[in-house]
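Participant: Please read through the structure below; I'll follow up with questions.
The values are calculated or read from the model by the stated rules, or taken from the named source; none is laboratory data. None of these values were measured; they are calculated from a predicted model. Cβ atoms come from the backbone with ideal geometry, glycine included; neighbour counts cover every protein chain shown. Side chains are part of the model used for accessible areas, which takes the heavy atoms of the whole protein and leaves out ligands, DNA and RNA. Shrake-Rupley method; radii C 1.70, N 1.55, O 1.52, S 1.80 Å.
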Amino acid sequence: MTLSRWVGLVLLAALLAYAFLLPLIQHGDPLQQDLLQMLQTPNRSHLLGFDHLGRDMLTRLSAALRLSLGLAALCVISALIAGVFTGVLSALYGGWPERLLSIVGDMCLALPGLLLVLLLAAIAPDAPQMLWLGISLVLWVEFFRVTRATLRPVVQAPGMQASKLLGFSAWYRFRHHLWPALAPVLLTLTLFSFSSAIMAVSALGFISVGVRPPTPELGLMMTELLPFAWEAPWLLMQPVAALFLLLISLNLLMKKER
């Protein structure tokens, strides 16, 4: 593993530990307000200080990371399962299933990704399910197309044809012929999709779509703290830095060896 991947892995592990292990160590409520503490600077007992409503930023930032990571992971897992399944189906059988799936994919790409999510969110405001559905639909197309394009030559290869003629099961053919060709591409695509999902969740939170106050979310926290950027710049920099480190860790993990 290259140095850049090690750095990305350490960064991601540290962020995951902060997001999911902090509640086990420090039992704080990210929604609890103490107006006497508003905009207080960091100190020994509260390492990241308090926001404009007197809420502990250490607890809120941890909860925001959990929400972003959890929602992004759910979207990527849904898109991966649907995209790989339909991509394998399209590569193996072609014909009308492939044409139908290609039409559905083109329909999902007819609108920019964020606009599609906004349209779905407008149908059911304040429904996280629509946010999940919209981002999953956008990511599904990439998994479908990459899987189909990667497996088309493999399906026509002599080894795959021999396994089919010898009567080996579909699972055997997938495990011994299709998966070895797909796995390296799928890892990079999954990391890229995870990064895109986190950016989408944060961008939508920044314009108050899908996630509403007082729920802690990175993009929403930036919007809430933006009016206090000159008075308490350290507060605005915290969700910005968390998002930056999260994205840079994923991008470092995607770097290939030269």
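Participant: Let's see if you can work this out: charge +1 on each Lys and Arg Cβ, -1 on each Asp and Glu Cβ, no other charges. What is the dipole magnitude of the stretch 1-100 about its Cα centre, in debye to the nearest 20?
Facilitator: My answer is approximately 200 debye.
Participant: Okay, moving on. With 5 Å bins from zero, work out the P(r) of the stretch 175-258 over every alpha carbon pair and list the percent per bin.
Facilitator: Spelled out per bin, shortest first, that is 3, 14, 18, 17, 15, 11, 8, 6, 5, 2, 1, 0, 0.
Participant: Calculate log10 I(q)/I(0) of the chain for q = 0.10, 0.16, 0.17 Å⁻¹, where I(q) comes from the Debye formula with a single equal point scatterer on each Cα and nothing for solvent.
Facilitator: Per q value, in the given order, log10 I(q)/I(0) is -0.60, -1.17, -1.25.
Participant: Assuming 0.36 nm per residue, please report the length gained on full extension of the stretch H27 to L3 beyond their Cα-Cα distance.
Facilitator: Once the chain is fully extended between H27 and L3, it gains 5.1 nm.
Participant: Rolling a 1.4 angstrom probe over the protein heavy atoms, how many square angstrom per residue are accessible across the stretch 124-216?
Facilitator: Using a 1.4 Å probe on heavy atoms only, each residue of the stretch 124-216 averages 50 Å².
Participant: Could the peptides 151-157, 187-193 be put in order, highest first, of the mean number of other beta-carbon atoms found within 10 Å of their residues?
Facilitator: Put in order of decreasing packing, that is 187-193, 151-157.
Participant: Shifting gears a bit: Pick out the long, greasy-scoring helices in the chain: whole DSSP H runs spanning 24 Å or more along their own axis by Cα, mean Kyte-Doolittle at least 0.5.
Facilitator: 3-25, 57-93, 128-155, 179-206, 233-254
Participant: Report, to the nearest whole %, how much of the accessible area of the chain belongs to carbon and sulfur atoms, 1.4 Å probe, protein only.
Facilitator: Carbon and sulfur: 71 percent of the exposed surface of the chain.
Participant: Follow-up. Report the one residue of L119, M237, W140 whose Cα lies farthest in the direction of the positive end of the charge dipole of the chain (charges on C-beta: Lys and Arg +1, Asp and Glu -1; origin at the Cα centre).
Facilitator: Most positive-ward Cα: W140.
Participant: Also, quick follow-up: Lys/Arg Cβ at +1, Asp/Glu Cβ at -1, dipole of the stretch 101-181 taken about the Cα centre: which of W179, A149, C108 is farthest positive-ward?
Facilitator: It is W179.
Participant: A further question follows. Using alpha carbon centroids, what distance separates the stretch 5-35 and the stretch 116-165, in Å?
Facilitator: Rounded to whole Å, the Cα centres lie 31 Å apart.
Participant: Run the Debye formula on the Cα coordinates of the stretch 88-182, all scatterers equal and no solvent, and tell me log10 I(q)/I(0) at q = 0.11 1/Å.
Facilitator: Cα-only, vacuum Debye calculation for the stretch 88-182: -0.45.
Participant: Continuing with this model, one more query. Report the extension gain between L115 and R152 in nm, rounded to one decimal, defined as 0.36 nm multiplied by the number of residues separating them, less their alpha carbon distance.
Facilitator: Result for the pair: 10.2 nm of gain on full extension.
Participant: Figure the gain on full extension for N251 and F228 (residue separation times 0.36 nm, minus the Cα-Cα span) and round it to one decimal in nm.
Facilitator: Gain on stretching N251 to F228: 5.2 nm.
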